[in-house]
Amino acid sequence: MEDLIRRYGTGLTAVFCLLVAFWILVLVILPNFSMLFESFFPYLPVAELGGPKDVFTLQNYEKILANPIETNWFGIPISIPVHISTFVDTVFFSALVTFMTLILAYPLAYFLAKVASPRSIPTLLLLLFIPMWVSEALRAFAWYIILTFNGPLNALLKGLGIIDQGIRWQNGVFTSYDAIVIVLTYCYVLFMLFPIYTAITSLDTNQIEAAEDLGSPWWRTHWRVVIPHAKPGIASGCVMVFMLSAGSLLVPTVVGSTKANWFPQTIYTWFNDALDWNTGAAYSMIFLLVCIIFVILAMRLFKVKLSDIAK
Amino acid sequence: MSRNRAFLGQLYFGLFILYLLVPLIVMAGAAFNDSKLPTVAPWKGFTWAWFGELFADQTMWGAFLNSIVVALAVVALAVPIGTAAAIVLNSISGKYRATLYGFMVAPVLAPGLVIGISTVLFWNQLGQTVGANGFFLFGRGLHLATLGQVSYIAAYVMLLVLARLQSFDPGLEEAALDLGANHGQVLRRILLPHLYPAIAASAAIAFFQSIENFNVTLFTKANETTLTVYVFSQVRSGITPKINALAFLLILLTLVLALAYEMNRRRKARIEAEREAEARRAEEAML
């Protein structure tokens, strides 16, 4: 701090600190405190604010335990609250999306970092960047067109004689979340690709050659040499894709079936349709908590630091 | 073996690019189909009609303008905040640095809807506390969307500027101070010129991140919409191919920008190569 004052003087240092304080306090910390605070108070009409009912309560959090529904997990029928069910589905299918993007992105990241000729890399990267610049709303819409009942995918499959009846992709073939998983994977695969690519680029190619010279088959070279080196990149990609998928409101609303509920949609309903901001706050606190736990788990699992993930 | 692998890699890359581009091509193609529904499969003939309808849509133009205004406001706030944060972070070390860094990058990882909801609740509560909850600044609207977006976009700026600061030689500032420069001059003439490439890049990123933003904006906006939210509401409430016309134009814009970038990069690479060749020739001539 003295260093800053010596270089830029008291005035400028004060300006820097004020800007940082505004960001961290007013835009980040206080809003989150506000959300935590509001989540413990009941939703009341303006006239009753400060009245006898305006007291600390856990009822907003208890709402997530209401309305049990019959469902089955892997064939076992159970009865769980509807919002818990949505929540579990969201976490499960977001993890699935994360896994699929990892499978899709890893070979490509390796190809770009170690196999492709370095001269062509900027052009190849640019080609990959183009779809990322198109907004998420439009990418989801593109898949909406492809997957609709009278859409090109069904027409193509019928034309090829693979199916004779159109498939209702949006209702799902395996689960009602199929369409959401497909489109989320499409939207976020590049968020997995670039961190892994960056991580593999820093691996010395000699290590790979040494492993091969010593007779290691290709899969063991990857398992023992490349993947351990790419770990920070993989961790960073996994965290990003999981967060984006679990937090996506756009994709599930655009392509999801009526049976597939995503947790952000539940929060949005409380917030916007029921206008019950307090319960919305409680639900987002729960959501935020799980996200934090996920980041910590990922950091433990991959043994990386926060500064490795947020790049 | 190695050639085989390169071929497989190229094949996979090609398939991957197809996978990324085909949905966009389908969407853009549907803009020219003379069909009430946005699709390419039953092709009913070529038409420009949807573009006409798009340009006649006042809501779209309003949303477009709002997106630009919000994005400019986000750049105007996030760039100074992020730059200041990088400078402050660079001058401290140890435990405080790690804590501060954690608070700064946390919003990047936080889900957009959490940022949106917390921003709305905070300003609403602030309005109640000061007893002016009817005042529009404390209610939902595009100004809150701007603040919500700044809270995480400033982190991108901070990361880019911080990376650039690593290559800065603080000795230059010492020299300037010793030679009698004042503090303002040190900042304006020594530090900022070094940071300009990072600041320009981060301004561009902030602008496009803001245009792209959906989650934060959806929760913080009132009646005014931005382009992304407009597309979303159109898709939700019975769509016509005019959204495809919009998509076609945006993809075209992206392609033009990408092409310009690529040509610029190649030109620079060529100049660089020529310079190196000349340097080699000069060296040989000296010997």
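Values as computed for the structure displayed
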| item | result |
| --- | --- |
| Boolean, residue A:254 is facing chain B (nearest Cβ under 10 Å) and among the aliphatic types (A, V, I, L, M) | yes |
| Residue selected from segment B:249-266 under the condition crowded, with 17+ Cβ neighbours inside 10 Å and farther than 19 Å from residue B:62 by Cα, by the criterion farthest from the chain's Cα centre (by Cα) | B:251 |
| Scan of segment A:220-251 for residues that are of a type outside the set (A, V, I, L, M), over 21 Å from residue A:194 (Cβ atoms) and either buried (at least 22 other Cβ atoms within 10 Å of the Cβ) or within 12 Å of another protein chain (Cβ to nearest Cβ) (or both), ordered by number | A:221 |
| Test for residue A:193: is it assigned by TED's automatic domain parsing to the domain that holds residue A:86 and at pLDDT 90 or above | yes |
| Filter pass, residue A:37 being closer than 30 Å to residue B:79 by Cα and modelled with pLDDT of 80 or more | no |
| Sole residue being without any contact (Cβ under 8 Å) to a residue 12 or more places away in the chain, farther than 30 Å from residue A:118 by Cα and among the small types (Gly, Ala, Ser), chosen from B:82, B:94, B:14, B:9 | B:94 |
| All helices (runs of 4 or more DSSP H) inside segment B:133-221 with 2 or more residues being without any contact (Cβ under 8 Å) to a residue 24 or more places away in the chain | B:171-178, B:192-212 |
| Identity of the residue in segment A:99-123, of a type in the set (A, V, I, L, M) and facing chain B (nearest Cβ under 7 Å), that ends up surrounded by the most Cβ atoms within 10 Å (Cβ to Cβ) | A:108 |
| Residue identified as without any contact (Cβ under 8 Å) to a residue 24 or more places away in the chain and more than 12 Å from chain A (Cβ to nearest Cβ) among B:99, B:47 | B:47 |
| Any chance residue B:184 is at pLDDT below 90, within 9 Å of another protein chain (Cβ to nearest Cβ) and either crowded, with 19+ Cβ neighbours inside 10 Å or over 30 Å from residue B:229 (Cα atoms) (or both) | yes |
| Subset of segment B:12-29 (residues that are farther than 24 Å from residue B:241 by Cβ and not aliphatic (A, V, I, L, M)) | B:12, B:13, B:14, B:16 |
| Test: residue in segment B:226-244 that is away from chain A (no Cβ under 11 Å), in contact (Cβ under 8 Å) with a residue 24 or more places away in the chain and surrounded by 19 or more Cβ atoms within 10 Å (Cβ to Cβ) | yes |
| Yes/no for residue A:258 being at pLDDT below 90, polar (S, T, N, Q) and more than 17 Å from the chain's Cα centre (by Cα) | yes |
| Residue count, segment A:124-170 (criterion: hydroxyl-bearing (Ser, Thr, Tyr) and at pLDDT below 85) | 2 |
| Matching helices (runs of 4 or more DSSP H) fully within segment B:1-117 where at least 3 residues are under 30 Å from residue B:252 (Cβ atoms) and at pLDDT below 90 | B:2-29, B:49-55, B:58-91 |
| Residue ID - farthest from the other protein chains (Cβ to nearest Cβ), chosen from residues in segment A:267-287 that are touching a residue at least 24 places away in the same chain (Cβ under 8 Å) and of a type in the set (Ser, Thr, Tyr) | A:279 |
| Filter result (under 18 Å from residue A:107 (Cα atoms) and surrounded by fewer than 13 Cβ atoms within 10 Å (Cβ to Cβ)) within segment A:208-217 | A:209, A:217 |
| Residues (over 18 Å from residue B:89 (Cβ atoms) and more than 7 Å from chain B (Cβ to nearest Cβ)) located in segment A:1-25 | A:10, A:11 |
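The values are calculated or read from the model by the stated rules, or taken from the named source; none is laboratory data. Please read all numbers here as calculations on a predicted model, not as lab measurements. Note that each Cβ is placed from the backbone with ideal geometry, even for glycine, and that neighbours are counted across all protein chains shown.
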